[in-house]
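Notes follow once the structure below has been shown.
The values are calculated or read from the model by the stated rules, or taken from the named source; none is laboratory data. Note that the structure is a prediction, hence the values are computed from the model and not measured. Ideal geometry is used to build each Cβ from the backbone, glycine not excepted, and the neighbour counts take in all protein chains shown.
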Amino acid sequence: MKAKSTLRLILLQLGCIAWVASLTAQPLSGAYTIDSALPTAGANFQSFNDFAASININGVADHVIATVEPGSGPYQEQVVFSNIPGAGPDATITLEGSGETISAVTSSTSRHVVRLANCQYFTVNNLHVAWDPASTGGFYAIHVFDTGNHITISNCEVDISGTNSTLYGAYIVSGSETSILEGGDFHNILITQNSAQGGDITHRYSDWFLPWPATSSFPTTSFSTPTPTPCTSGKRTGW
């Protein structure tokens, strides 16, 4: 009987802690760090996933900049940013990679390393993404998925050296988690001053894929490379 009472008390305490946590959770605002050497507390997140878990649930109330601490990588994880509440022109999100590396073992059903799913006003800058040779069935380094509005991918580097398949790509914008060919609803996508190595055999040294099916919408979308070249068949070279 005493054991049951103790268990009830523990469960009640845990419930109260969770309730208080839900009340005190606030939208993110201002500057944060991602530093694997420090625990997730205050303005620091120990991993990309800890940051995503917070911002995906709590949303933003003002501009948010999350800076990866220089020297804290590499990070080994897949991360998804999705439907961030409050994001808009007065509450943008910037993930500042500081040149640090993130990698992950991907598969045919989970090909991404960084995915922006149904996001808006989100920037990824100066992040390195590397292919893990243990990956199977495909690799999308940075994947803008399903819908996107005012998304910027800038000054990033992707290394998928050693691959030459169309299943391996650096910067993907598509409406499917596993295909580069399915369209979505994308507006104001800026992919600029990035680099990539490896991937599709047609663009052996550098490539990114951008499907343009009839179901997609790309008004006022800009794509910039050091030496711009025409875009044909949904693929563009010239990095």
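Looking only at the range 48-89, residues that are more than 14 Å from PHE122 (Cβ to Cβ) and part of a loop (DSSP other than H, G, I, E, B) come to 8 in all. When GLU177 is tested against (1) modelled with pLDDT under 80; (2) part of a loop (DSSP other than H, G, I, E, B), exactly one condition is not met: (1).
Every residue, every condition in (1) within 18 Å of VAL80 (Cβ to Cβ); (2) in contact with a strand residue (DSSP E or B) (Cβ under 8 Å, 6 or more places away or on another chain); (3) acidic (Asp, Glu), yes or no:
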position: SER98; (1), (2), (3): no, yes, no
position: SER110; (1), (2), (3): yes, no, no
position: ASP132; (1), (2), (3): yes, yes, yes
position: VAL144; (1), (2), (3): yes, yes, no
position: ASN149; (1), (2), (3): yes, yes, no
position: ASN155; (1), (2), (3): no, yes, no
position: SER165; (1), (2), (3): no, no, no
position: ILE172; (1), (2), (3): yes, yes, no
position: SER179; (1), (2), (3): yes, no, no
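Scanning the range 167-181 for residues that are among the aliphatic types (A, V, I, L, M) and closer than 17 Å to GLY137 by Cα, we see that the one that is surrounded by the fewest Cβ atoms within 10 Å (Cβ to Cβ) is LEU181.
Applying the criterion of being crowded, with 16+ Cβ neighbours inside 10 Å and polar (S, T, N, Q) to the residues of the range 132-153, the residue that is farthest from HIS112 (Cα to Cα) is ASN149. Taken over the range 154-166, the criterion of being surrounded by fewer than 24 Cβ atoms within 10 Å (Cβ to Cβ) and in contact with a His (Cβ under 8 Å, 6 or more places away or on another chain) is satisfied by GLU157, ASP159. Being aliphatic (A, V, I, L, M) and not in a strand (DSSP E or B) is a property that does not hold for ALA170. Confirm whether GLY175 is over 21 Å from HIS128 (Cα atoms) and out of contact with any Cys (no Cβ under 9 Å at 6 or more places or on another chain). In short, yes. Any idea which residue in the range 90-119 is surrounded by the fewest Cβ atoms within 10 Å (Cβ to Cβ), counting only those that are of a type in the set (Gly, Ala, Ser) and assigned to a strand (DSSP E or B)? My answer is SER107.
Scanning the range 79-89 for residues that are surrounded by fewer than 18 Cβ atoms within 10 Å (Cβ to Cβ) and touching a helix residue (DSSP H, G or I) at 6+ places or on another chain (Cβ under 8 Å) turns up SER82, ASN83, PRO85.
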